[in-house]
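Structure record follows, encoded as structure tokens.
The values are calculated or read from the model by the stated rules, or taken from the named source; none is laboratory data. Only a predicted model underlies this, so the values are computations on that prediction, with no experimental measurement involved. Positions of Cβ are backbone-derived with ideal geometry, glycine not excepted, and every protein chain shown enters the neighbour counts.
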């Protein structure tokens with residue numbers, strides 16, 4: 001914000017909770033937190049089973065026996081939990097004695113573990129074996145294979161592992177960070193070890209975002225299967241937790257983090273440590289007063305319900321309570337009609353509002369009595385506001401909601417550049433993981449650079465650089481396996497062909513053999529198309545984009561040795577030029593590979609007039625970002641018209657050796673469909689890409705506005721008045737508050753952020769804008785801004801709105817904290833939560849912003 005930025009005083013305490021994407025829980029009053037009491041008390045019971053008592057703990061009271069029925073999981077395991085448990089042959093680090101063996105130990109472990117797991121987790125033998133721990137090899141390369149001891153923590157939601165040699169805990173990760181588990185040799189590293197280790201012993205743990213995968217080799221197939229099945233069970237639980245279960249987990253996590261000496265109680269020093277961890281800079285006297293108010297037993301520590309009381313005092317959401325009381329006659333509940341009034345007046349829900357109100361009460365009201373009376377408590381109201389229905393992103397637009405029967409050129413298509421790279425394009429690693437990650441994000445256009453390889457096998461890498469190489473065969477196999485896991489709609493494989501004629505034949509054969517019927521080798525109806533087919537017509541098909549000998553009709557007539565004739569409609573000079581090009585292509589391009597190119601024939605761009613004179617929708621031009629910018633500047637309307645009937649691909653400048661990205665927005669403004677970005681590089685550009693394609697079922701296709709699908713359109717992105725329709729829309733955003741914002745990466749211990757919010761509009765040049773709030777000093781826990789920002793949108797159909805939270809720094813550049821980006825068309829008006837994402841696009845629960853959105857459309861002119 002600069003030196004002139006204005007600080008604002010921190011407000012009272014706010015929100016904290018761990019949630020997955022779009023399911024912010026925020027804070028709840030006391031009635032919702034009673035469950036946390038039993039969780040914390042169960043933690044004490046677990047300690048009694050182990051013979052551990054904290055100061056003041058009650059004596060006696062053995063735990064349940066081995067045959068007790070399973071109970072729910074408590075206690076968070078983390079690197080800071082009681083000392084690491086080593087393999088059975090190693091002495092226990094706390095007791096100094098070797099662990100017991102036999103049925104007594106197994107029975108005690110079953111009793112303890114049954115206390116500690118989530119209610120929906122049945123403690124099977126598999127999970128108990130994971131809790132005992134397993135020695136496995138962690139693999140980074142063919143030569144780097146180290147033994148590590150892996151263990152599932154008592155909370156059933158955390159895995160930690162330690163070095164066998166040093167016994168030092170190296171790392172830990174949460175189950176909620178794991179996307180999936182792959183069995184067998186499904187990474188380059190494990191494939192390189194295929195002769196040494198059978199696939200039954202190998203598996204890969206895949207994390208969300210750009211975090212590297214974890215390749216492991218178990219000692220036996222049985223051990224590998226135990227971890228694969230156990231992890232999959234826990235991932236299923238983590239991704240399907242309801243809001244109350246997430247609250248329970250949140251309470252356990254924070255209590256355990258604060259309970260440094262692990263005695264099941266919190267003294268004031270531990271409370272102060274907790275506040276620092278939660279990004280709260282609170283006056284010590286005020287913190288002590290809250291602590292003493294909650295310490296009903298006057299023991300000098302907080303335990304059980306006392307911790308819940310302290311939590312309640314910390315996490316009041318006054319802004320939400322005021323809103324609730326504004327619509328509640330008695331200030332204690334919302335009747336069905338009062339909730340309907342709120343939905344209509346503030347949230348602007350206009351269809352089926354009474355039915356919606358009933359559904360919200362049934363879904364989010366925690367009290368059975370209130371549900372039976374069809375009323376919503378303050379707890380339920382907050383749960384609704386923090387739910388998907390209360391998100392800024394229209395939940396109906398998360399699903400597939402657009403017409404998928406338009407020609408391909410009528411859609412923006414999620415597209416990747418140098419897909420095989422997971423780092424920079426000079427020395428970075430080439431990996432099939434780049435393809436897997438892109439496809440799982442809904443990417444529908446992938447790039448593959450092919451070069452001659454040893455033993456007649458084409459290789460994929462960035463030519464004339466030091467990047468590593470992967471066999472083309474592996475890329476095609478990966479494509480066949482993952483192409484349609486995230487989306488049913490067609491994938492375009494952009495082939496950069498640098499191979500000899502001999503290895504081009506290999507390329508064609510591998511494409512056909514591996515992909516089979518997935519590879520499109522003829523037109524949909526067997527005829528030359530007058531327009532491109534639709535995504536619906538091309539479902540589950542892979543289209544090859546590349547050079548082609550002659551024209552599409554020549555392929556449909558069948559392969560031949562003659563250079564194709566040109567039609568009588570072509571003038572002499574153009575006919576001769578086309579014949580010359582076809583002859584040259586035939587000398588450098590294998591016919592078998594050419595025949596695989598159907599709807600995406602690469603052609604050089606020689607101007608809009610020449611393209612239109614040929615009128616071949618199955619051709620595509622690739623333009624550098626600089627060339628595209630010049631066309632937008634010099635002939636914006638012609639470019640939009642061209643993109644209404646033919647595909648255009650844009651790629652980054654070759655000078656971007658660090659794999660940085662250009663802004664895709666200016667290309668989308670001209671209707672360019674295939675705007676290729678370096679998916680491996682996080683930043684604003686990829687935020688915009690994710691923001692645009694997070695709608696419509698994340699299928700990788702977004703329908704362009706009507707005025708960009710008309711071949712005779714007058715629209716020019718440089719002149720917003722050329723858009724037909726009403727005048728500019730006013731977007732008013734009241735930034736109210738933030739909830740438990742994360743600390744800045746690599747910040748010092750005890751550092752607390754000074755957050756500000758910047759709202760950016762990305763769209764046509766006339767709409768490009770940004771505004772900021774003041775910064776709040778020393779409060780990342782529950783900052784209050786209560787500031788209003790306003791924007792004029794001349795072409796709202798193309799606008800993306802990006803919310804960015806930064807840590808203000810008066811002496812250097814602000815630090816990134818979190819962001820969320822979405823298309824303006826997907827914004828819901830009213831009081832909404834914005835669930836923030838990290839720099840690499842993954843969720844960072846429980847971080848969120850609370851805002852009010854108002855959209856004002858221009859008045860409709862009166863009819864004469």
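Data overview
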item: Residue in segment 579-592 that is closer than 25 Å to residue 439 by Cα, buried (at least 16 other Cβ atoms within 10 Å of the Cβ) and at pLDDT 70 or above present; result: no
item: Tally, over segment 739-772, of residues that are farther than 30 Å from residue 254 by Cα, crowded, with 18+ Cβ neighbours inside 10 Å and out of contact with any helix residue (DSSP H, G or I) (no Cβ under 9 Å at 6 or more places or on another chain); result: 2
item: Count of segment 196-243 residues which are closer than 13 Å to residue 175 by Cβ, in a helix (DSSP H, G or I) and out of contact with any helix residue (DSSP H, G or I) (no Cβ under 7 Å at 6 or more places or on another chain); result: 6
item: Single residue of segment 208-241 satisfying the filter (surrounded by fewer than 15 Cβ atoms within 10 Å (Cβ to Cβ) and modelled with pLDDT of 95 or more) that is farthest from residue 145 (Cα to Cα); result: 232
item: Test result for residue 702, assigned to a strand (DSSP E or B), within 19 Å of the chain's Cα centre (by Cα), within 29 Å of residue 536 (Cα to Cα) and modelled with pLDDT of 95 or more; result: yes
item: Selection within segment 802-815 - touching a strand residue (DSSP E or B) at 6+ places or on another chain (Cβ under 6 Å) and touching a residue at least 60 places away in the same chain (Cβ under 8 Å); result: 802, 805, 807, 808, 814, 815
item: Candidate set from segment 359-379 (those that are crowded, with 16+ Cβ neighbours inside 10 Å and free of Cβ contacts under 8 Å to residues at least 24 places away in the same chain); member that is nearest to residue 733 (Cα to Cα); result: 365
item: Qualifying residue in segment 117-129 (condition: at pLDDT 85 or above, buried (at least 18 other Cβ atoms within 10 Å of the Cβ) and in contact with a strand residue (DSSP E or B) (Cβ under 8 Å, 6 or more places away or on another chain)); result: yes
item: Which numbered condition residue 487 fails, given (1) crowded, with 18+ Cβ neighbours inside 10 Å; (2) within 31 Å of the chain's Cα centre (by Cα); (3) assigned to a helix (DSSP H, G or I); result: (3)
item: Every residue from segment 837-851 that is out of contact with any helix residue (DSSP H, G or I) (no Cβ under 7 Å at 6 or more places or on another chain) and assigned to a loop (DSSP other than H, G, I, E, B); result: 838, 839, 840, 842
item: Flag for residue 406 being in contact (Cβ under 8 Å) with a residue 24 or more places away in the chain and either within 25 Å of residue 517 (Cβ to Cβ) or surrounded by 24 or more Cβ atoms within 10 Å (Cβ to Cβ) (or both); result: yes
